[in-house]
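Below is one structure, written out as structure tokens; comments come after it.
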Amino acid sequence: MKLGFVLCLALVWVELQHVSCQQVKRRKDVVGNQIRPGGKRAKGRISKLKEKETGGRGQSLLTQVLDKGRFLRLGGTTTLPPGKNIELRCKGTNIGWSYPSYLNTYNDSRLSVKQSDKYSQLILTSPSAADTGDYSCWAILCDGSDCHKDPDQSSSSYIYFTDKDNLFVPSAIHFEIVYLRPDKPAVVPCRVTSPVAKVSLHKEVPPAEIPANSTLVTYDPTRGFVLQSPSPEHQGVFYCKAVTKGTPQISTKFQLLYVEVPSGPPFVNVEASQEYVRGGSTINITCTVLGEPDVDVSFSWSYPGQGQRPVDIQGSKRLVNRGVGRTTLISQSVITVEDMETIDFGKYMCRAKNLNGETFVATNIVSG
């Protein structure tokens, strides 16, 4: 009886060991040999973690450094309080940056950009409402001395430095001119420091609010009010009004002027004070350009006694109304030659240049 009982226990123990070994073997097969149809191994957890750490495709290169070594990836817009220093980083060994242009114009010492081995760092100390704008970074690809921006490796964030006392982004210009052209939209640049501010556009005389809609007039807090099809009726003095929770605030004023002259190379005219000149006389030759009010024109001269005879060259600019609701900029350059000598007679050529091209005109001064 005892012998049979012992033999029974032995058989049970052997069977249990066999089952246990089979379960262990199956677990090892599952963990070590995950096989998909076609003989391809499934991606393990390690590869997914590595993908997450490297950022993956399409994610922002631009991050903000927070306290205690923490990082925040920035989206299309970011709202920050003024006064607190900010540090932005962009991954890469050769990085370019863009930021509000006035920080470059005035060589603002609050801004610094440094490139390290693995990232570029932008630091802005004591930011204010005026620093509201677009901050962007991108990878620079170089082939020898030829470098260009990599469009596939770029990030940007429009940063609002929200200040309840400055709902509008401050400007050094207290009365700004906006030129209206029939061939393209015009922008009244009353940008705000808070994306939730409610903004309206107003005409001063006669007093009226210009309603914003989705077709003729639209509002973008990063740009201002956009007039899609400007016309002479839009001329006048305008301002913007913004409100959040407190008292409404008023922007700077904007003078909207309708432009008559179309875009293109300068339209130039040259005229001498007299056609025939005697020796010892004084002559003035005027080069005149009618152009767009906000397009700069530069002048240069070539003349017979150049480099040998003294001349005086003066420039001037003025806005002129030409017809009802039309404004043109008249730019002039005047060359004066005193006590004319034989070497001073001949062809005087004026060269006028703007962003759209250049024009040459000349007049011949003869002795008589």
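The values are calculated or read from the model by the stated rules, or taken from the named source; none is laboratory data. Since the structure is predicted, the reported quantities are computational estimates derived from the model, not experimental observations. As a convention, Cβ positions derive from the backbone with ideal geometry for all residues, glycine included, and neighbour counts pool all protein chains shown. Heads up: the accessible areas ignore ligands, DNA and RNA and are worked out on the full protein's heavy atoms, side chains in. Shrake-Rupley method; radii C 1.70, N 1.55, O 1.52, S 1.80 Å.
Please enumerate the residues belonging to region 90-111 that are part of a strand (DSSP E or B) and open to solvent by 50 Å² or more (accessible area, probe 1.4 Å). Can you show your working first?
The initial filter retains those residues of region 90-111 that are part of a strand (DSSP E or B), namely 90-91, 95-98, 111.
Within region 90-111, just K91 meets the criteria.
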Residues that are touching a strand residue (DSSP E or B) at 6+ places or on another chain (Cβ under 6 Å) and not in a strand (DSSP E or B), drawn from region 67-89: L74, P82
Test for D296: is it at pLDDT below 90, open to solvent by 40 Å² or more (accessible area, probe 1.4 Å) and among the acidic types (D, E): yes
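Identify the residue in region 193-202 that is without any contact (Cβ under 8 Å) to a residue 60 or more places away in the chain and open to solvent by less than 40 Å² (accessible area, probe 1.4 Å) and, among all such residues, is nearest to T78 (Cα to Cα). First the steps, then the outcome.
First, pick out the residues of region 193-202 that are without any contact (Cβ under 8 Å) to a residue 60 or more places away in the chain: 196-202.
Filter once more, so that each one left must be open to solvent by less than 40 Å² (accessible area, probe 1.4 Å): 197, 199-202.
Numbers: A197: 15, V199: 19, S200: 23, L201: 25, H202: 28 Å.
Among those that are without any contact (Cβ under 8 Å) to a residue 60 or more places away in the chain and open to solvent by less than 40 Å² (accessible area, probe 1.4 Å), it is A197.
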Criterion (more than 21 Å from V205 (Cα to Cα), modelled with pLDDT under 90, touching a strand residue (DSSP E or B) at 6+ places or on another chain (Cβ under 9 Å) and of a type in the set (S, T, Y)) met by exactly one of S316, S273: S273
Failed item in (1) in a strand (DSSP E or B); (2) more than 20 Å from H174 (Cα to Cα), with F238 passing the rest: (2)
Selected residue (only one of T336, T359 is out of contact with any Phe, Trp or Tyr (no Cβ under 6 Å at 6 or more places or on another chain), under 30 Å from A186 (Cα atoms) and either among the polar types (S, T, N, Q) or in a loop (DSSP other than H, G, I, E, B) (or both)): T359
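Of the residues in region 204-228, how many are within 22 Å of T132 (Cβ to Cβ), outside any loop (DSSP other than H, G, I, E, B) and open to solvent by 40 Å² or more (accessible area, probe 1.4 Å)? Walk me through how you get there before you give the answer.
Filtering region 204-228 down to residues within 22 Å of T132 (Cβ to Cβ) leaves 212, 218-226.
Then drop every residue that is not outside any loop (DSSP other than H, G, I, E, B), which leaves 218-220, 224-226.
Among the residues that remain, those that are also open to solvent by 40 Å² or more (accessible area, probe 1.4 Å) are: 219-220.
So the answer is 2.
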Scope region 155-178; condition hydrophobic (A, V, I, L, M, F, W, C), in a loop (DSSP other than H, G, I, E, B), surrounded by 14 or more Cβ atoms within 10 Å (Cβ to Cβ) and out of contact with any Asp or Glu (no Cβ under 9 Å at 6 or more places or on another chain); matching residues: L167
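Condition first: surrounded by 13 or more Cβ atoms within 10 Å (Cβ to Cβ) and either free of Cβ contacts under 8 Å to residues at least 60 places away in the same chain or over 30 Å from F299 (Cβ atoms) (or both). Now tell me which residues in region 230-240 satisfy that. Before you say what the answer is, go through the steps one by one.
To start, the set of residues in region 230-240 that are surrounded by 13 or more Cβ atoms within 10 Å (Cβ to Cβ) comprises 230, 232, 234-240.
The answer is P230, P232, H234, G236, V237, F238, Y239, C240.
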Close pairs from region 280-295: first on the phi > 0 side of the Ramachandran plot, partner of a type in the set (D, E), Cβ under 6 Å, at least 6 apart: G280/D339
Which numbered condition L201 misses (of (1) within 24 Å of the chain's Cα centre (by Cα); (2) under 23 Å from T328 (Cβ atoms); (3) part of a strand (DSSP E or B)): (2)
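How many residues does region 241-293 contain that are among the charged types (D, E, K, R) and either buried (at least 19 other Cβ atoms within 10 Å of the Cβ) or in a loop (DSSP other than H, G, I, E, B) (or both)? Steps first, please.
Step one: of region 241-293, the residues among the charged types (D, E, K, R) are 241, 245, 253, 260, 271, 275, 278, 292.
Now restrict to residues that are either buried (at least 19 other Cβ atoms within 10 Å of the Cβ) or in a loop (DSSP other than H, G, I, E, B) (or both): 245, 260, 275, 278, 292.
Residues meeting the conditions: 5.
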Answer residue from region 80-138, given it is under 18 Å from the mean Cα position of the chain (by Cα) and of a type in the set (V, I, T) and is farthest from S157 (Cα to Cα) among those: T105
The one condition in (1) open to solvent by 80 Å² or more (accessible area, probe 1.4 Å); (2) in contact (Cβ under 8 Å) with a residue 40 or more places away in the chain that R318 fails to fulfil: (2)
Odd one out for G144 among (1) open to solvent by 60 Å² or more (accessible area, probe 1.4 Å); (2) under 22 Å from the mean Cα position of the chain (by Cα); (3) at pLDDT below 90: (2)
Residue match in region 60-73 (condition: touching a Ser or Thr at 6+ places or on another chain (Cβ under 7 Å), open to solvent by 40 Å² or more (accessible area, probe 1.4 Å), within 24 Å of S171 (Cβ to Cβ) and at pLDDT 90 or above): no
Residue within region 170-182 that is of a type in the set (F, W, Y), closer than 27 Å to G264 by Cα and within 24 Å of the chain's Cα centre (by Cα) present: yes
Failed item in (1) more than 30 Å from the chain's Cα centre (by Cα); (2) surrounded by 15 or more Cβ atoms within 10 Å (Cβ to Cβ), with P310 passing the rest: (2)
